[in-house]
Amino acid sequence: MCKPNLAPNSEHAIIAAGIAQGQMDEAIAAWQRLMTIMTADLPSPTGHQSLMDLGLMLLDQGDFEQRWLVSNELPKLGETIIASLLTRWQNPAVATELRWFAGRLLGKFVHPDITVALTAVFSQPQDQELWAIAAEGLSHQGELALTVIQTLLNDSHSRPLAVQILARLSHPGTLLILKQLATDEDPTIRAQALQTLSQYPTDQYVPIFLQAIADPVAVVRRQAVEGLGLYLKSCQRQPDQGNPWEMLHLLHPLLMDLDLLVCQQTAIAISHYPTDASVEILAKTLASPHTPESLRLTLIKCLGWMETRESLDALASVFRSPFHGKSLADLTLVIQTLGR
């Protein structure tokens with residue numbers, strides 16, 4: 001196929017005129033054609049200054065869809081665009097949407113200046129969309145981001161934000177930090193660290209979760225139980241993994257936790273490992289006259305989710321056992337669950 005014979009200078013003029021006249025779609029189409037030609041002829045970003053200037057003008061003046069098209073092409077110009085993007089990202093007077101696109105583009109490169117600039121947005125109240133795009137960009141910075149995060153962790157005000165960034169980083173160094181934070185003085189930090197570690201249901205982190213189920217703060221216990229539940233779910237897929245029977249034994253008392261949300265999360269966790277022992281634990285709690293209604297409803301749902309003969313028999317036994325304060329809501333939910 002013959003390459004279009006377009007003179008760069010005349011094409012530049014067409015693009016500039018389109019921008020000036022508000023004909024953005026035509027200008028973007030012309031700029032995309034020129035990008036295809038010039039980046040093929042000149043693979044090195046050297047000599048692409050005019051392309052970059054025009055692309056940034058389109059980025060500045062376009063609507064969301066137009067900015068999206070331009071932002072998909074600009075990274076082809078390489079690190080030469082970083083300085084201009086940093087100017088837009090760091091300027092609070094720039095429209096939030098444009099800053100969002102600048103942050104999105106910066107996240108495609110790995111550079112110390114980018115790491116510092118993306119992290120700085122967390123030091124003051126900002127639009128949550130900017131925080132999200134900054135965290136996403138930092139997740140690609142690897143070792144550079146870890147260095148900055150360590151600094152954030154030393155400041156009590158920025159520590160919760162640092163943990164949020166750690167949750168998005170796909171770097172082995174983050175797991176060691178999260179293990180340390182799981183015993184932090186701040187219960188919010190402990191809970192965030194456990195929530196992130198629960199994404200890695202392996203034997204390595206089970207002792208951390210088991211220690212945390214005795215935490216004095218309910219939200220921490222709940223996150224620990226959730227982590228153990230996900231681990232039990234992985235044991236179901238990998239029968240040779242871990243010792244789920246001991247874990248069921250340790251989780252059982254939390255069905256009577258002082259915090260109802262912990263009780264409900266424990267029921268869900270146990271249901272992730274559908275065995276006769278699990279069914280027995282949940283069924284006994286369901287039959288207890290001391291179990292509150294909201295927990296009974298969760299237990300009924302969990303027994304239904306397990307979908308074993310034993311769990312269905314346990315549900316059916318609700319109609320055969322003494323009433324023990326069971327409500328119409330209990331009986332209705334059992335009928336609905338058995339019907340499915």
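The values are calculated or read from the model by the stated rules, or taken from the named source; none is laboratory data. Just so we're clear, the structure is a prediction, and the values are computed from it rather than from any experiment. With ideal geometry, Cβ positions are generated from the backbone for all residues, glycine too; neighbour counts draw on all protein chains shown. Surface accessibility is based on the protein's heavy atoms, side chains included, excluding ligands, DNA and RNA. Shrake-Rupley method; radii C 1.70, N 1.55, O 1.52, S 1.80 Å.
Annotations
- Accessible surface of Leu282 - all protein chains present, 1.4 Å probe, nearest 10 Å²: 0
- Portion, in percent, of the accessible area of the chain that falls on carbon or sulfur, probe 1.4 Å: 56
- Computed magnitude of the charge dipole of segment 148-289 (debye, nearest 20; Cβ of K, R +1, Cβ of D, E -1): 280
- The Cα center of segment 70-137 and the Cα center of segment 255-302 differ in position by 47 Å.
- Within straight-line cross-link reach of Lys179, aspartates and glutamates at Cα separation under 17 Å, skipping those fewer than 8 residues along the same chain: Asp203, Asp215, Glu226
- Residues Ala120 and Lys179, FRET efficiency given R0 of 30 Å [Cβ-Cβ distance, rounded to 0.05]: 0.65
- In summary, the aspartates and glutamates within cross-link reach of Lys301, defined as a Cα separation below 13 angstrom excluding same-chain residues under 8 places away, comprise Glu293, Asp330.
- Here the dipole of the chain is about 600 debye; that uses its Cα centre as origin and unit charges on the Cβ of Lys and Arg (positive) and Asp and Glu (negative).
- Among Val94, Val262, Val220, the largest mean-square fluctuation in a Gaussian network model of the chain (Cα springs under 10 Å) belongs to Val94.
- For the chain, the longest principal axis of the alpha carbon atoms and the long axis of helix 187-197 meet at an angle near 80°.
- Farthest toward the positive end of the dipole of segment 62-184, out of Pro75, Leu161, Leu176, is the Cα of Leu176, where the dipole comes from beta carbon charges about the Cα centre.
- When only the Cβ of Lys, Arg, Asp and Glu is charged (+1, +1, -1, -1), the dipole of segment 17-165 relative to its Cα centre reaches about 240 debye.
- Rolling a 1.4 Å probe across the protein heavy atoms gives segment 90-245 an accessible surface of 47 Å² per residue.
- Amide N proximity, segment 60-92 versus Thr36 label position 7 Å along Cα-to-Cβ, cut-off under 14 Å: 73
- Sites excluded, GluC sites (Glu not before Pro) in DSSP loops with at most 14 other C-beta within 10 Å, longest stretch of the chain: 1-184
- Using a Förster distance of 41 Å, the FRET efficiency for His157-Phe319 (Cβ separation, nearest 0.05): 0.15
- Against the chain, whose longest principal axis is taken from its Cα atoms, helix 218-237 shows a tilt of about 90°.
- Among the chymotrypsin sites (Phe, Trp or Tyr not before Pro) in segment 250-340, those placed in a DSSP loop whose Cβ has at most 13 other Cβ atoms within 10 Å are Phe323.
- Taking label points 7 Å from Cα along the Cα-to-Cβ direction, Gln164 and Thr147 give a separation of 2.5 nm.
- Net length gained if the chain between Ala329 and Ala20 were fully extended (0.36 nm per residue, minus Cα distance): 104.6 nm
- Matching the structure-derived semi-axes √(5λ) of the Cα gyration tensor in Å against the labelled list [x] 30, 25, 19; [y] 55, 24, 18; [z] 34, 26, 18 gives the label [y].
- Applying 1/(1 + (r/R0)^6) with R0 = 45 Å to the Cβ-Cβ distance of Ser10 and His171 gives a FRET efficiency near 0.40.
- Positive dipole terminus of the chain, leading residue within Leu98, Ile335, His140 (C-beta point charges): Ile335
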